[in-house]
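See structure below.
The values are calculated or read from the model by the stated rules, or taken from the named source; none is laboratory data. Note that the structure is predicted; figures quoted are calculated from it, not measured. As a convention, Cβ positions derive from the backbone with ideal geometry for all residues, glycine included, and neighbour counts pool all protein chains shown. Accessible surface is based on the protein model in full, side chains and every heavy atom, while ligands, DNA and RNA are left aside. Shrake-Rupley method; radii C 1.70, N 1.55, O 1.52, S 1.80 Å.
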Amino acid sequence: MADRSDNRVLNEHREVCAFLLHMLLEAGQPREGAGPFTWVDLGCGAARILHAVREGVAHDLRRQLSYTGYDKADAAGATDRLKGAGLHDRSAVVTGFDVERQLGDVAAGCAELVTLTNVVHEIDPARLPAVLLGAVWLLKPKGYLLVYDVERLADQDAWGDPGKATGEWDAVTWSRDRITNVVAALLQALGAATGPVVGRWIHQQTTGWTAVVRRADLHVTADAAARAARDVHQAVSVALAGQFADCRAYIEAIMRDIEGLASADDEHRRNVVLGRVRRDLPHQLRNYHAMSRHLGGSEANAVAFRLPAGVRAPAAAPATGR
Amino acid sequence: MSGTRTSVIPTENELSTQVARALERKGFHITREAKVNPFLDAHADIYAQRPDGPRLVVEVKRSPNSVSVEAVQQVQQYARLLGESSHEPVLGLVVSPGPFTPGAEYYAGAVTPRVYLATREGLSRALDRIIRDWPPQ
């Protein structure tokens, strides 16, 4: 779900995950009993995260791991990667698995660590509450959920291969401030005493965010689950509408800067604006397109996104096919 | 933003100091310490708060070059993050020795919460407007 090539520039999310994994294993937390440290990697792609694990986690710590990756796509080369990381004895990659719809098929309370790395942008916002809650459900009582994603796609992700329709045209990338509200709603509904700390990662090509949820901080009951589903949906709706408005304002702002160039004799300003056009405008337009579709701009969505009462729906952009 | 009572006057450059002095003249208490969220601390030059409410994240630009929309967006996002972490609204202010691009000016007024922009000469007026407009809609 997340990766298509070993040569992609953006490998940092794997390193983020490997770093957390190393820290957890080294600290002996949150492992329970003498069994392996169970890691469920949702939207694992071809399990390329194991490259980072092989490089970033000590061998004796890796031997404690039991890794299961889930993804809809074919995980070409995953077996070799499991072997390369020394995990093949008790690890697997499950393909044909729809993270948005099949999390209930995975045993609840099975994992010390659940990861969603570079996956959230591929999830239909209408399904995001269920995926986040489902991921929490997989955690053992002392387990951790690590969610990492980028604030904007690297160009090759956004546009795909030249001549091929491989770009992630429906992908909604979330800004750190917007996703913080979503995670806050999740934590609050599940009784966490503290709010989220969503970290920011500055990469060469983009920026990313990381949210860590500790199962031990939560008080999960049936009532809390129902409340969380409702509250997180509301938070996603508000965040999506707000981010859409910001995106539209940003595009309009860039257009005004372009118009202003005609009368500008400031060379630096010209370079700044043109650089912004090259770097930001395609990303903003793609995200605008994706958000408008999820906000109801297209009937092509399998699940129509419904804004709750009181949330104003922005005007939708014309929908185009993938 | 609450918690410390010690004013911290930025000394990196003359404009930062001028901004800090102007904020204090308008009744703002200044601190660099963002107690709410440690991740935010590195991303704003000044955090300021008045006893009667107005809270600000202030970005002071060093270069006389034009300030673009991206800088405004960053301040907006940090102001929103800080505000929602503390459950109290926080406004953004960008002060620059140079001009703002038309897009930056447009974006600052189009987003919620809005971001205030000020040149060195317009700083006092911008602070008056922030105080007058508080609380943000």
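Within the accessible surface of the range A:102-150, defined with a 1.4 Å probe on protein heavy atoms only, the carbon and sulfur portion equals 52 percent. Given a 1.4 Å probe and the protein chains as shown, B:GLU88 ends up with an accessible area of around 80 Å². Within 10 Å of the Cβ of each residue in B:77-90, the mean number of Cβ atoms contributed by other protein chains is 3. Over the range B:57-111, accessible surface divided per residue gives 30 Å², non-protein components excluded, 1.4 Å probe. Shielding value for A:127-139 is 0, the average number of Cβ atoms from other chains within 10 Å of each residue's Cβ. The B and A chains share an interface that buries close to 2200 Å² of accessible area, total over both sides, probe 1.4 Å.
Decide, for the range B:45-117, between rounded, prolate and oblate: order the square roots of the alpha carbon gyration tensor eigenvalues as a ≥ b ≥ c, take rounded if a/c falls under 1.5, and otherwise choose prolate if a/b is larger than b/c, else oblate. Judged from the Cα gyration tensor, the range B:45-117 comes out prolate (a/c at least 1.5, a/b above b/c). Other residues with beta-carbon under 10 Å from the beta-carbon of A:LEU139 carry, at +1 per Lys or Arg and -1 per Asp or Glu, a net charge of +3.
Carbon and sulfur: what percent of the range A:151-291's accessible surface (1.4 Å probe)? Can you show the working numbers first?
Working: 3220 of 6060 Å².
In the range A:151-291, the share of accessible area belonging to carbon and sulfur is 53 percent.
Ranked by the mean number of other Cβ atoms within 10 Å of their residues, highest first, the peptides B:56-66, A:252-262 come out as B:56-66, A:252-262. Counted by Cβ distance under 12 Å from B:TYR106, the other residues give a net charge of -1, where Lys and Arg count +1 and Asp and Glu count -1. Mean silhouette area of the range A:191-239, derived from the convex hull of its C-alpha atoms and averaged over all directions, reads 4.4 nm². Binning the alpha carbon pair distances of the range A:207-295 at 10 angstrom intervals from zero yields the distribution 14, 29, 24, 17, 10, 5, 0, expressed in whole percent.
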